[in-house]
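Q: Pasting a structure here, questions to come.
The numbers here are math on the coordinates, done by the rules we state, and not lab data. Since this is a predicted model, take the numbers as computed values, not measurements. So basically every Cβ, Gly included, is an ideal-geometry build from the backbone, and we count neighbours across all protein chains shown.
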4 protein chains.
Amino acid sequence: MEVGVIGVGRMGQAMARNLIKAGHTVHLYDPVVAPLRALEKDGGRIAASAAEAFRGDAVISMLPNDDAMRGAFMAGDLPPQGSKTIHINCATASVACAQDLTARHKERGVPYLAACVWGRPDAAAAAKLSIVVAGDGRAIDKVQPLFDVLGQRTSRVGDEPYKANVAKIAGNLMVAAAIEAIGEAAALVRKYGIPATDFLPIVVKALFDVPVYRGYADAIAKGEYEPPGFDLVLGLKDVRLALAAGEKMNVPLPFASVLRDAFLDAIANGDGNKDWAAIALGAARRAGLD
Amino acid sequence: MEVGVIGVGRMGQAMARNLIKAGHTVHLYDPVVAPLRALEKDGGRIAASAAEAFRGDAVISMLPNDDAMRGAFMAGDLPPQGSKTIHINCATASVACAQDLTARHKERGVPYLAACVWGRPDAAAAAKLSIVVAGDGRAIDKVQPLFDVLGQRTSRVGDEPYKANVAKIAGNLMVAAAIEAIGEAAALVRKYGIPATDFLPIVVKALFDVPVYRGYADAIAKGEYEPPGFDLVLGLKDVRLALAAGEKMNVPLPFASVLRDAFLDAIANGDGNKDWAAIALGAARRAGLD
Amino acid sequence: MEVGVIGVGRMGQAMARNLIKAGHTVHLYDPVVAPLRALEKDGGRIAASAAEAFRGDAVISMLPNDDAMRGAFMAGDLPPQGSKTIHINCATASVACAQDLTARHKERGVPYLAACVWGRPDAAAAAKLSIVVAGDGRAIDKVQPLFDVLGQRTSRVGDEPYKANVAKIAGNLMVAAAIEAIGEAAALVRKYGIPATDFLPIVVKALFDVPVYRGYADAIAKGEYEPPGFDLVLGLKDVRLALAAGEKMNVPLPFASVLRDAFLDAIANGDGNKDWAAIALGAARRAGLD
Amino acid sequence: MEVGVIGVGRMGQAMARNLIKAGHTVHLYDPVVAPLRALEKDGGRIAASAAEAFRGDAVISMLPNDDAMRGAFMAGDLPPQGSKTIHINCATASVACAQDLTARHKERGVPYLAACVWGRPDAAAAAKLSIVVAGDGRAIDKVQPLFDVLGQRTSRVGDEPYKANVAKIAGNLMVAAAIEAIGEAAALVRKYGIPATDFLPIVVKALFDVPVYRGYADAIAKGEYEPPGFDLVLGLKDVRLALAAGEKMNVPLPFASVLRDAFLDAIANGDGNKDWAAIALGAARRAGLD
């Protein structure tokens, strides 16, 4: 297929490379040039603008936040009026932004899907993403071959694109909650003289032996939060998306509220640029540790 | 070896059966007779009293709560003065109770270990428990063959028995937190028209594919909380143990605090005898669902 | 003085009337006509537009929310370029909106003050408001006679207008916290068979004998939340302003987080159009009462 | 009347002195001798034991906590079998302890009242306590003259003594909540460059002009927490009483949960011996202040 990719940060880059490897013709755009050059060597084609990359059978966009998405697809020429290119938005948008983007594409007659992904850049590189997609079923059918290249499984959660965003946001909340739970448990055992490096591997092996827990428990046990795999300030953004989604539909989310305060505490105390697992430092600090 | 087992509820029973099967001589005591009879058929020997079961190389006790443990081992003739039988307490005791039991056994010169287990009765039956043990290392060495019969892995967390209890309590807090996180995420997606039966299997498969999450997500997705695998009122007890352990050493545990209120809400609203995953009903109720 | 008043809802109306009574020439604007007619009878002058009311020595604006303020003063002709009319914004704006309005007025060379008020419409009518003002000190000096007409005391909190908004938001958070505290205390005593109508008057008289507590305790004791003095959905807006202000500067506010969930619970369960004291219904509901 | 007073700490001392001044014959007991000597100079009579002070028309006890009350009145000779002396317990007992004491006095045929007081030692000295009493109405009638000497108002909340304890506990929760609310508001305004010494007097004067708020706001504004008026560790005890009372009847108390964590944070970070208003230091610390 002929595919555009708009946004080649760490995730977008890995996804684009897999599409190229799979033999698709891939047009790439990003305001930052370096990753484009790298992908060009792999066989990608550099587009001069987002508009130039918005063509072919489908365009995948992977932008960092609502503002970037609104800037790219709400304010200017995109999506191109009447285009048949299926826009697959893989970014974590807020529900409100997802709904605005859906309306915008409808107005312009352009097919729009939200296809959120779980997995870090290394999972993206290994084509092991989990993809949750929502939007028109026939459009999804058409681009399913792309999803098959990008991830190991694709799940559909409805006809309205925002539902994929809600699912992604809810899943991210569960991940953040796991981190806080690890952090509180670690603070507790440490106050009783059990090193977190003793306790966490045991409990993870016994009960939570999946990459999410393994990775964060390892970081928290060792107190290693740099370089960040996912910035703490971005973690706060994800918690905010959950709180905003909850607020829109009147869903109290007490764990998300606790998380919000934990992230703010972390940022206020200088940990904002560490990995988001560093909220565990706050749990320790509040217990008088360190 | 010659082994006593005091307390043959659902967990103790399964553990005792594995010891019998492994060829050990097992003396059994419980105030309830039915499970004793069943184990007798398998080759166990019924003791007339807890004191009679407290003999041989080791005695495993598996009592339901602090009061029962204090009643059995703090107030009367047990542990027998000067006995060489290694007492392996497998129950989830509070830190305070664990410390009192340790002191008591020391006074009476009886070796005492805390060996907490993770796993439901079916895991106990399958000898797939995870065991976390604390106490004198040589005593642990002696009874390691028993642990090898009961579980698939044994981890040591220190010389003071209470440390095993702290580890168990901290791990249980992580399990309870996982349930609440699932419940909040489910309430959120449902308000956006995504059935929990669609969402939860996706997120579990993508991120949390372990029995703890699979089981509770399945119950919450289907709204099936009866018969309870673990009673909600007992879940509150576990949260209380975490809060008490935190309080003793000044460890704030905001997730445990949220959980406490979630359990009280559930009990106040009639869900106390359901499975503890039913705290998700409260998350839904507070969001105006159902 | 010659004064404009933009926005004559319940608060603005009462304030405008006092200015008229005090002998000031008052130009009034509101998109809703009825209150304008009533004020005209008292001696006010109806302006055909917000722009027409923005003249004289000072203009007081009292609009319901950020969107209305942005619509009126950020998007169109107001504030008039180079006007010497001192704009006194009495509404509860978000910190972000307050800062944007300050910048906008600076660009246009128009003096801008934020003067937030505490007090219900009846206090406004009785000229018993408490006013907290921020902005250029000389501008405040000039309009102090107006404040003297509107309230019983004026306090200054700095040169940057947004500081008055922060103070107002922080004070409102304290009021909301008082309501939740009353609600939890009432649920607790009720479960022990003490009627809230017995308990609350005692504790208010003993410890909290001020209108804020008297009023909300009375409503909660009697369970009378209609007609609302202040809508619960507006209460949520105030809590959101506190959370947003905290988020902007990384201030965890755990009470505000609990309040947010309490308001969402109330709205999700059908109490959104009652008085904001009705969050106490949720405290009771979660305790299984009623 | 002839009255005993058991426990002459700061509160009991002030109360005893007022009884002496009012012309009553007062028998005093406390394990600490110094305050007894002082009261003897004022006309009190020193009893050699609690039992010797338990006589006459009524005995007022004012002991520091459940353990002291259980030690004095549950374990030994007191209350004296068949005594007609009305025992007025003025201390803040847990609900469980209050119920046990009631049962014990009933068994021994001794009239028992719970009469909890609000007010600091200076209010006790000025006879300005607020008294909330529960128990048999005729017994209360008999000792009402004593209450009239001790406080400025007495309120009755039922026939079962524990109800006075519940009321006291619920009221104390409201006080603790006020402190936390002040602390959060102060942290918020400070991060925006408004000194707490500017903000707090304004908001207190405008909305919360009662001694509870005035006193704590003043301490928090100035950051003066020593010497403590009420020890932070005792404040945690009060919050625990509220949580325990809530747990007993399944009442979620989210503010109490937040308070618990705030107190633990404070103690873990070295503020346990300061005034309980020092939980505001934690709110500031979590916001990165100081």
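Q: Share of antiparallel DSSP beta bridges in the protein assembly as shown, in percent to the nearest 5?
A: Taking every DSSP beta bridge within the protein assembly as shown, about 20 percent pair in antiparallel fashion.
Q: Which of A:Ala93, A:Leu232, A:Val203 sits farthest toward the positive end of the charge dipole of the range A:75-232, with +1 on the Cβ of Lys and Arg and -1 on the Cβ of Asp and Glu?
A: Of the listed residues, the answer is A:Ala93.
Q: Gap in Å between the Cα centre of the range C:143-197 and the Cα centre of the range D:91-106?
A: Computed from Cα coordinates, the inter-centre distance equals 37 Å.
Q: Using a 7 Å offset from the Cα along the Cα-to-Cβ direction at both A:Glu52 and C:Asn273, what is the distance between the two label points in nm, to one decimal?
A: Rounded to a tenth, the inter-label distance reads 5.7 nm.
Q: Using a cut-off of 11 Å between beta-carbons, work out the net charge of the residues near D:Leu281 (Lys and Arg +1, Asp and Glu -1, D:Leu281 not included). Before the final figure, lay out each step's value.
A: Values: positive: D:Lys274, D:Arg285, D:Arg286; negative: D:Asp265, D:Asp271, D:Asp275, D:Asp290.
Taking every Cβ under 11 Å from that of D:Leu281, the sum is -1.
Q: So for the range D:2-160, taking the charge dipole from beta-carbon charges (+1 Lys/Arg, -1 Asp/Glu), which of D:Gly9, D:Met62, D:Ala124 sits furthest toward the positive end?
A: Checking the options against the dipole of the range D:2-160, the answer is D:Ala124.
Q: I've got another one for you. Each residue of the range A:275-282 in turn: what ³J(HN,Hα) in whole Hz from Karplus with 6.51, -1.76, 1.60 and θ = phi - 60°, glycine and Pro shown as x?
A: After applying 6.51 cos²θ - 1.76 cosθ + 1.60, I find 5, 5, 5, 5, 4, 5, 4, x Hz.
Q: Something else: To the nearest 0.05, how large is the calculated FRET efficiency for D:Asp290 and D:Asp122 if R₀ is 30 Å and r is the Cβ-Cβ distance?
A: Efficiency, from the Cβ-Cβ distance: 0.50.
Q: Would you mind estimating how fast the protein assembly as shown diffuses translationally, via Stokes-Einstein at 37 °C and 0.692 mPa s with the Kirkwood radius over Cα pairs, in µm²/s?
A: 100 µm²/s
Q: Net charge near A:Leu146: determine it from the other residues with C-beta under 12 Å of the C-beta of A:Leu146, scoring Lys and Arg +1 and Asp and Glu -1.
A: Every neighbour counted, the sum reads -3.
Q: Please report the antiparallel percentage of the DSSP beta bridges confined to chain C, to the nearest 5.
A: If I count the DSSP bridges inside chain C, around 20 percent turn out antiparallel.
Q: Could you please rank A:Asp57, C:Asp290, placing first whichever residue has the fewest other Cβ atoms within 10 Å of its Cβ?
A: C:Asp290, A:Asp57
Q: Note down the magnitude of the dipole of the protein assembly as shown about its Cα centre, charges +1 on Lys and Arg C-beta and -1 on Asp and Glu C-beta and zero elsewhere, to the nearest 20 debye.
A: Charge dipole of the protein assembly as shown: 0 debye, to the nearest 20.
Q: Divide by every residue of chain B the summed helix terms, -39500 (n - 2.57) for each DSSP H run of at least 4, and state the resulting mean residue ellipticity at 222 nm, rounded to the nearest 500 deg cm²/dmol.
A: Taken over chain B, the calculation gives -17000 deg cm²/dmol.
Q: Distance check, please: which entries in D:Lys84/D:Lys106; C:Lys106/C:Lys163; B:Lys106/D:Lys248; A:Lys106/B:Lys222; B:Lys191/C:Lys222; D:Lys21/D:Lys41 exceed 23 angstrom between their Cα atoms? All intermediate terms of the calculation are to be shown ahead of the outcome.
A: Values: D:Lys84/D:Lys106 12 Å; C:Lys106/C:Lys163 16 Å; B:Lys106/D:Lys248 35 Å; A:Lys106/B:Lys222 35 Å; B:Lys191/C:Lys222 32 Å; D:Lys21/D:Lys41 12 Å.
Violating the 23 Å limit, Cα to Cα: B:Lys106/D:Lys248; A:Lys106/B:Lys222; B:Lys191/C:Lys222.
Q: Using R₀ = 45 Å, calculate the FRET efficiency as 1/(1 + (r/R₀)^6) where r is the Cβ-Cβ separation of C:Lys248 and A:Met1; round to 0.05.
A: E(calc), rounded to 0.05, equals 0.50.
Q: Right, next: Using the per-residue mean of other Cβ atoms lying within 10 Å as a proxy for protection, in what order, highest first, do the peptides B:129-139, A:252-262 fall?
A: A:252-262, B:129-139
Q: Roughly how big is the range B:166-286's charge dipole about its Cα centre, with Cβ charges of +1 (Lys, Arg) and -1 (Asp, Glu), in debye to the nearest 20?
A: With only Lys, Arg, Asp and Glu charged at Cβ, the dipole is about 160 debye.
Q: Within the range D:91-119, whose backbone N sits under 16 Å from a point 7 Å along Cα→Cβ of D:Asp136?
A: Only D:101-115 fall inside the zone, counting backbone N under 16 Å.
Q: Another question, then. In debye to the nearest 20, how big a dipole does the range D:208-251 give about its Cα centre with +1 on each Lys and Arg Cβ and -1 on each Asp and Glu Cβ?
A: 180 debye
Q: If you average the alpha carbon positions of the range A:222-290 and of the range C:28-59, how far apart do those two centres end up, in angstrom?
A: If we compute the Cα centre of each part, the gap is 48 Å.
Q: Can you check what the net charge comes to around A:Gly43, using other residues whose Cβ is under 11 Å from the Cβ of A:Gly43 (Lys, Arg +1; Asp, Glu -1)?
A: Overall, the nearby charge balance is +2.
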